[in-house]
Each structure stands twice: as C-alpha cells, then as structure tokens.
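In what follows, a single structure is set out as structure tokens and then discussed.
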Amino acid sequence: MPYEPPTHTVERSLRATTGAKVIAGVDEVGRGAWAGPVTVCAAITGLRRAPDGLTDSKLLTVKRRTELAEILRTWVTAYALGHASHDEIDSLGMTAALRLAAVRALDALPVRPDAVILDGKHDYLGAPWQVRTVIKGDRSCVAVAAASVIAKVQRDKMMAELGIDHADFGFADNAGYPSPVHKAALEERGPTPYHRLSWAYLDALPQWRHLKKARSWADGSVPEIEGQLGFDF
C-alpha cells in the first residue's frame, strides 16, 4: 500500500517563524513494551530529498526497514540514540524516562539543534528545548521518519540480543512487546531481569505479582503518557 512521502514542510515552517537553522527530528520506540529500554533517536537531515520509501517504521517490513536504516545512517547529516533502561522507567515513570532518553540522544549529537520536531501530541521534552509536536510526524516529517526507522531497528537488535538467554519470551520477534508467546512465558517463568516491574501486566500474574514495584514517582505533577498494557491484547 503506497503512502504519501514525508516532507520538510514543518522544518521549513520552523526556519521561517523561529529562525532555527539546525532542526532535529525525534522519535521513540519501546514505550508500550513490557521489557527492555525505551529508545529515542534524534536525526538531523537538512532539506535534502529523502531516500525512496521513507515512512513511519511501523509501516515497513522488517527487511525493508533494516535496509532503509542502513541507508539512513550515512544519508542523514547526523543522528544519535539515547536509551532509558527498564529500571529507569520503573524508577522515574515513562514521561520522565522518555525525556531522559531524548536528552541523551540530543546531547550526543555533534551540534546542538536550534529546534526539535517531536513525534506525537505530548511534549515530553520541554524547556530549554524549542519543540514543535507533530501528530504522526513519523509519517509526515522527513527527519522524524528517519529517526523512527533508525530507532526501531536499533532497539529491535538490542532486544534480540537480550533475548538470547531467554528464548521462550520471543524477544527477537516481539521486541519485548505483548504477544501470545511473551504472555505464555511470563505466566510460566515470571519476569526476566529486563522486564519493567511497575507495569500493569503483573496484575494478571498472581504467582508473580509480589515482584511488582510501587509507582512512587506517580505524584500527579506530570500527566503520565499512555503506554502501559495489561494482558488484554
């Protein structure tokens, strides 16, 4: 199914209205997973024509996504990845963990962006960054789409490596997200060392519920971004 290719429309608007010259597209992967880190990629692309087939990573086959990520790593002007671990997610909550991963990615770029295009409707980054949020930005904005593909391929690779010693969980296929294989392994074996133990899925596991960590970070000061899933899938 063909998709409209992403453009530089938002980037051009930011340049015109704010004077920003260096603009990074930022996207995350792993928000709704039960295990593993949340990963954020920051990509700077300039205004060059995007590689053919670039779109939201979720719309691409594994083969095409992997091929495209290899192209993008040398095509982009610069990119960097940031991660927040499962332990940091449990300790901080997803909103703060996303910000931590995003700041790590942005700080790792060789140049500090003047502005950031952030996928979605929630600005989890905030000051001092100048942020423009774009719903479905991973489909419509070149830099965000590039970040989406690079982040997805990198995190999938990380999860496959983490799953080598936990083959029953199927991390190489589900990347730590809910799946029947993942659910069955949890019910039988309980969480691995890489699972998020503050997540709601543990409520449906009576024999492992004692492992659940209290959400001490949920003080109501910052609305939590949706993403936790139980066993209803």
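Being in a helix (DSSP H, G or I) and either buried (at least 19 other Cβ atoms within 10 Å of the Cβ) or modelled with pLDDT under 95 (or both) holds for only one residue in A105, A127, and it is A105. Checked against the criterion of being of a type outside the set (K, R) and within 16 Å of the chain's Cα centre (by Cα), the candidates A167, A96, A78 yield just one match: A96. Of all the criteria given as (1) farther than 13 Å from D138 by Cβ; (2) part of a helix (DSSP H, G or I); (3) in contact (Cβ under 8 Å) with a residue 40 or more places away in the chain, the one not satisfied by T74 is (3). Here R112, R64 are screened, and the one residue that is part of a loop (DSSP other than H, G, I, E, B) and open to solvent by 50 Å² or more (accessible area, probe 1.4 Å) is R112. Number of residues in segment 33-61 that are part of a strand (DSSP E or B) and of a type in the set (A, V, I, L, M): the value is 6. Filtered by the rule that a residue be buried (at least 24 other Cβ atoms within 10 Å of the Cβ) and either within 12 Å of the chain's Cα centre (by Cα) or free of Cβ contacts under 8 Å to residues at least 40 places away in the same chain (or both), segment 130-144 gives D138, V144. Restricting segment 145-193 to residues that are among the acidic types (D, E) and under 26 Å from I71 (Cα atoms), the residue that is most open to solvent (accessible area, probe 1.4 Å) is D173.
Among the residues examined, T18 does not qualify as closer than 19 Å to T133 by Cα, open to solvent by less than 10 Å² (accessible area, probe 1.4 Å) and more than 16 Å from the chain's Cα centre (by Cα). Among the conditions (1) more than 22 Å from T18 (Cα to Cα); (2) out of contact with any Lys or Arg (no Cβ under 9 Å at 6 or more places or on another chain); (3) open to solvent by less than 60 Å² (accessible area, probe 1.4 Å); (4) not hydroxyl-bearing (S, T, Y), R73 misses just one, which is (3). Restrict the check to segment 33-42 and report whether at least one residue is open to solvent by 10 Å² or more (accessible area, probe 1.4 Å), within 12 Å of D138 (Cα to Cα) and modelled with pLDDT of 95 or more. Within segment 33-42, none of the residues are open to solvent by 10 Å² or more (accessible area, probe 1.4 Å), within 12 Å of D138 (Cα to Cα) and modelled with pLDDT of 95 or more.
For L202, the test of being at pLDDT below 95, over 23 Å from Y124 (Cβ atoms), in a helix (DSSP H, G or I) and open to solvent by 40 Å² or more (accessible area, probe 1.4 Å) is failed.
The values are calculated or read from the model by the stated rules, or taken from the named source; none is laboratory data. This structure is a prediction, so every number in the text was calculated from the model and none was measured. Note: ideal-geometry Cβ built from the backbone for every residue, glycine included; neighbour counts use all protein chains shown. Surface areas here come from the heavy atoms of the whole protein model, side chains and all, with no ligands, DNA or RNA. Shrake-Rupley method; radii C 1.70, N 1.55, O 1.52, S 1.80 Å.
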